[in-house]
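Below you'll find the structure, written out as structure tokens, and then a few comments.
The values are calculated or read from the model by the stated rules, or taken from the named source; none is laboratory data. Keep in mind it's a predicted model, so treat the numbers as computed, not measured. Cβ placement follows ideal geometry from the backbone for every residue including glycine, while neighbour counts extend to all protein chains displayed.
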Amino acid sequence: MEIADKLEVIKNRWEEIAEQMNDPAVMADMKRYVKLNKDYKDLEPVVLAYKDYKNIIGNIESAQELLKTEKDPDFRDMARVELDELLPQKEAVEENIRMLLIPKDPQDSKNAVMEIRAGTGGDEASIFAGDLFRMYQKYCETKRWKVEVTDINEGTAGGYKEVVFSVTGPGAYGLLKFESGVHRVQRVPQTETQGRIHTSAASVVVLPEAEEFDIELNEKDIRKDTYCSSGPGGQSVNTTYSAIRLTHIPSGIVVTCQDEKSQLKNLAKAMKVLRNRLYDREYTKYLEEMSGKRKTMVSTGDRSAKIRTYNWPQGRVTDHRINLTLYNLQPIIDGDIQEIIDKLQMAENAERLKEELN
């Protein structure tokens, strides 16, 4: 199928979805409406690019026809100038359309759930996990995404043994998914008295947030326990049973949430996390399949894979998946990770395009 034919099919499908979304019967079926709305938004950039493409093609044909039929040299010169401008535009739009037509991960547009856990390295690993958490917080601030902590376990010398949080914003998962894997730090720890460089690690897991319609939970399958909160939280700590523990009996998955003073709020957050964990089990199968095809996704398919090293003495950050080394560690640890994500996206797009051509 020629690219124009493929684009015409997509435009017709987009218009068909728009009609369906105005149907009262469809609007009454929320699950179907949400799915159609997502499909509509996904196809819209392709349709808009196609309209630009058709307009450029029409102008090129008009200019070429003018060159064939017009005798006036001034008009012919104008047609040549227009063609000189339009032909590069046509190539640029065609390249953009090729990229837009690459099958996208349907999860990319979703919110994200992130888990950071201290690995090898004792207290220094917890401190580094805290550094990573602040790095992602600052990055999310630049994107105007909302960060909400779900569960937290502080380290004894600072940082976190574990921190779980959600990131709400358009396309959050599509950008943050590249962060999944083991992050390694090389530096002199705060706890080191003799100035020796240590190597520590923290693992990062990024999941797409499950939407309400992705997973149907049966209340009979969930055991709910309440207990007293521990850690920061004021006078209510250790006095009210506001913390929640949910056990999904069929899968054995256990989820806890204690960061809110309200039991209802903790329950809502815990249910959200449980839905994500169950959704993740199915999504992981997809990731394992993709990791065999794309090096950018190796870390997500195999979450024990080392993906990045932060070397303090050399001010260096190296992403091992694409052999990228940058000597601006401090800005990166302060949240300026867009360049790394952009290059990983480019590598993934190249791999997807290669899959399409094969």
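Quick notes
- Of all residues in region 320-342, none that is of a type outside the set (Val, Ile, Thr) has its Cβ atom under 6 Å from the Cβ atom of a residue that is part of a loop (DSSP other than H, G, I, E, B) and crowded, with 16+ Cβ neighbours inside 10 Å, 6 or more apart or on another chain.
- Among the residues of region 323-358, those that are modelled with pLDDT of 90 or more and either touching an Asp or Glu at 6+ places or on another chain (Cβ under 6 Å) or surrounded by 15 or more Cβ atoms within 10 Å (Cβ to Cβ) (or both) comprise 324, 326, 329, 332, 333, 335, 336, 337, 340, 341, 343, 344.
- Count of region 241-262 residues, restricted to those that are surrounded by fewer than 18 Cβ atoms within 10 Å (Cβ to Cβ), out of contact with any Cys (no Cβ under 7 Å at 6 or more places or on another chain) and over 22 Å from residue 205 (Cα atoms), is 4.
- Here residue 40 qualifies as hydroxyl-bearing (Ser, Thr, Tyr), in the same structural domain as residue 76 (by TED's automatic domain parsing) and farther than 29 Å from residue 88 by Cα.
- Restricting region 42-85 to residues that are of a type in the set (Val, Ile, Thr) and under 34 Å from the mean Cα position of the chain (by Cα) leaves a set whose member that is farthest from residue 12 (Cα to Cα) is 56.
- Strands (runs of 3 or more DSSP E) enclosed by region 107-191 - at least 3 residues per element that are touching a residue at least 12 places away in the same chain (Cβ under 8 Å) and aliphatic (A, V, I, L, M): 112-118, 146-154, 160-168
- Among residues that are of a type in the set (Gly, Ala, Ser), within 19 Å of residue 310 (Cβ to Cβ) and out of contact with any Cys (no Cβ under 6 Å at 6 or more places or on another chain), residue 174 is not included.
Conditions (1) of a type in the set (A, V, I, L, M); (2) in the same structural domain as residue 164 (by TED's automatic domain parsing); (3) farther than 15 Å from residue 57 by Cα, marked per residue:
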residue: 73; (1), (2), (3): no, no, yes
residue: 87; (1), (2), (3): yes, no, no
residue: 93; (1), (2), (3): yes, no, no
residue: 126; (1), (2), (3): no, yes, yes
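- Test: residue in region 300-308 that is modelled with pLDDT under 85 and outside the structural domain of residue 177 (by TED's automatic domain parsing): no
- Cβ-Cβ under 6 Å pairs, at least 6 apart or on other chains, region 45-69 side among the polar types (S, T, N, Q), far side assigned to a helix (DSSP H, G or I): 59/86
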